[in-house]
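Let me begin by presenting the structure, written as structure tokens, before commenting on it.
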Amino acid sequence: MLSFDPMTSTPEQIHPFLAAFRGSFTSALRWPQLDALWERVRERADAGWYLYAVGEPPPAQPAERAQVLAFIGEIDALLRAEHDHDYCGIVYADDPQQPSFLKIYDPNNLGVSCGFSDNPPLPGWVMSLLPPCDLPATRPAPKNRRRWWRRLFG
């Protein structure tokens, strides 16, 4: 695993997963779009998907086909039960037709997942064909916390 300081690293030093995470994504805005996205992933369930619950240690190995299919079924049910809206809008794919990276936001921790924010929330789950890095560890401490830390131990 690459080691880097997100505050001082150049783009060439950034972990490939983090570079992809920061890339361009399209929302499955409507539930039928999410259904189509899940179908694309099911077609490639044995492609080597990493299933990552953000906040847990990143998986070291890709999931088996059966695990991917079970995850899709469970996460879809959770999203529909807990995101009680006539739209989805909380699942993002790098390419809806041939996805290789999906961000799935937790309906109970949305914050500002769309639009602009200096500190948007991390997704609840990520599906990726790239081995993940520890996303929470890539977030810099808020500036007031860094000042506090430096004052305490500087």
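The figures follow:
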| item | result |
| --- | --- |
| In Hz, Karplus ³J(HN,Hα) per residue of region 90-98 (6.51, -1.76, 1.60; θ = phi - 60°; x = Gly, Pro) | 10, 10, 10, 10, 5, 8, x, 7, 9 |
| Placed amide H near Leu135: partners under 5 Å, 5+ positions off or other chain | Gly55 |
| Pairwise label distance in nanometres, Gln67 with Ala36, each label 7 Å out on the Cα-Cβ vector | 3.0 nm |
| Long-range HN-HN contacts of Asp95 with modeled amide H, under 5 Å | Ser100, Phe101 |
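Any read-out appearing in this document is the output of simple, stated calculations on the displayed coordinates, not a laboratory observation. Note that this is a predicted model, so its numbers are computed, not measured. Cβ atoms come from the backbone with ideal geometry, glycine included; neighbour counts cover every protein chain shown.
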